[in-house]
């Protein structure tokens, strides 16, 4: 089973069957995937090996991008709702299931995470397939996978009582589950996990796995959750030539891009662009290299600040602010000399760590991403007061940053400082909650900046 000759033949040899010339391909065993199938039982492969693990199990090993193995005579007479594989992965990986051979219709993608050398089970909903003599092919799309076995769930497990359209009803239940498995771009998306790619290839260098997208090539991220809207896009990328951009399209390449992110520098840096858009829902995002090859590590969508219900919060926040000021316990504390010096800006600026210990208990952290001619700073304000707060203010020295654009906040100037305050929807913070915002500037920036929060 470790050679290139068909595995069916290897199985028969192992079973002690004759290898006489009269042996025909139709002697292949019938596969019953509802009960589980060992991965090494296949009918052709490319780029993979069958190896024996230390525990004695035989597995199909080294499934990388473009590698595959095919399984024939599969009995899917009860339909196909999902496929579960037992496998191990060296990192984030994707196995694509195709109908027929390696060039057949895609039935679905099974996504795997790093298993630290252990075999684990991974399940994905797939398109329905009905028949008692079907062929499917497992194709490596991303990463490096070793597969031990696989099984299928029959469609009857998810059918609704409306049996007349058995094939269609199951298709519809698997589609609604896509939003549940939709891509959360607000927390970030790794480019190597693209659903489709054109003139792009996954590469690794210096510990970074990325998509090398040639000029006019693109990758597609499907089912991106934009339910919180979009006010900007950040991309961690690099380009070896000037005047290069990563253009972002929604759902197709037929319309104009919604964003053009300038990519500069030969090392991976985070660049961004601010947007004004009412786009919401679930969409496919196309990322196109413009001007030259773009090496894309990851990207992130910034949420918009609109929702009809949340503007009510500003009304609620103002009321709590007023009761907090008249509280008699606060009044006696204000005359205390130790508290008074902590409120002026001078003590706050040099001693950021003291902010969390103040009576307000608010904390601010930040990260700086600079690419030489510009920079992006992400901020996070956290409420550690032990109770809800309605309002916060961040101050940044004007001689340390130059703000060209920002998102999720209002910015005014006061003396030597930029005064940053929330919008209506992120004013109110429960205890432990955080609000995030960011700014983009031009020029250079230091490794650290002086930031205070009130």
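The values are calculated or read from the model by the stated rules, or taken from the named source; none is laboratory data. None of the values given here were measured: they were computed from a predicted structure. Here the Cβ is made from the backbone with ideal geometry for all residues, glycine too, and neighbour counts use every protein chain on show.
Among the residues of segment 424-447, are any modelled with pLDDT under 95, more than 29 Å from the chain's Cα centre (by Cα) and over 25 Å from residue 262 (Cα atoms)? The answer is no; no qualifying residue exists.
Screening residue 327 on (1) in a loop (DSSP other than H, G, I, E, B); (2) at pLDDT below 90; (3) in contact with a strand residue (DSSP E or B) (Cβ under 7 Å, 6 or more places away or on another chain) shows it passes everything except condition (3). Counting only strands (runs of 3 or more DSSP E) that fall entirely inside segment 360-454 and contain at least 1 residues that are touching a residue at least 12 places away in the same chain (Cβ under 8 Å) and over 17 Å from residue 270 (Cβ atoms), the qualifying elements are 362-370, 374-383, 394-397, 409-414, 417-422, 434-442, 451-453. Please work out which one of (1) crowded, with 17+ Cβ neighbours inside 10 Å; (2) under 27 Å from the mean Cα position of the chain (by Cα) is the condition residue 395 fails and give its number. Against the list (1) crowded, with 17+ Cβ neighbours inside 10 Å; (2) under 27 Å from the mean Cα position of the chain (by Cα), residue 395 comes up short only on (2).
Would you check which residues across segment 36-90 are on the phi > 0 side of the Ramachandran plot and either outside the structural domain of residue 126 (by TED's automatic domain parsing) or in a loop (DSSP other than H, G, I, E, B) (or both) and list them? If the condition is that a residue be on the phi > 0 side of the Ramachandran plot and either outside the structural domain of residue 126 (by TED's automatic domain parsing) or in a loop (DSSP other than H, G, I, E, B) (or both), then 36, 44, 47, 56, 66, 79 are the ones that fit.
Which one of these is modelled with pLDDT under 90 and in contact with a helix residue (DSSP H, G or I) (Cβ under 9 Å, 6 or more places away or on another chain): 9, 80, 13, 17? Spell out the reasoning first.
Numbers: 9 fails: in contact with a helix residue (DSSP H, G or I) (Cβ under 9 Å, 6 or more places away or on another chain); 80 fails: modelled with pLDDT under 90; 13 fails: in contact with a helix residue (DSSP H, G or I) (Cβ under 9 Å, 6 or more places away or on another chain).
None of the other options fit; the residue is 17.
Within segment 191-204, identify whether any single residue is within 20 Å of residue 378 (Cβ to Cβ) and modelled with pLDDT of 90 or more, and answer yes or no. Yes; the residues of segment 191-204 include at least one that is within 20 Å of residue 378 (Cβ to Cβ) and modelled with pLDDT of 90 or more. Of the residues making up segment 247-270, those that are surrounded by 18 or more Cβ atoms within 10 Å (Cβ to Cβ) and over 18 Å from residue 221 (Cβ atoms) are 262, 264, 268, 269. Given the conditions (1) under 13 Å from residue 290 (Cβ atoms); (2) at pLDDT below 90; (3) not in a strand (DSSP E or B), which single one is not true for residue 240? Going through the list (1) under 13 Å from residue 290 (Cβ atoms); (2) at pLDDT below 90; (3) not in a strand (DSSP E or B), residue 240 breaks only (1). Among the conditions (1) surrounded by 19 or more Cβ atoms within 10 Å (Cβ to Cβ); (2) touching a strand residue (DSSP E or B) at 6+ places or on another chain (Cβ under 6 Å); (3) farther than 18 Å from residue 190 by Cβ, residue 145 misses just one, which is (3).
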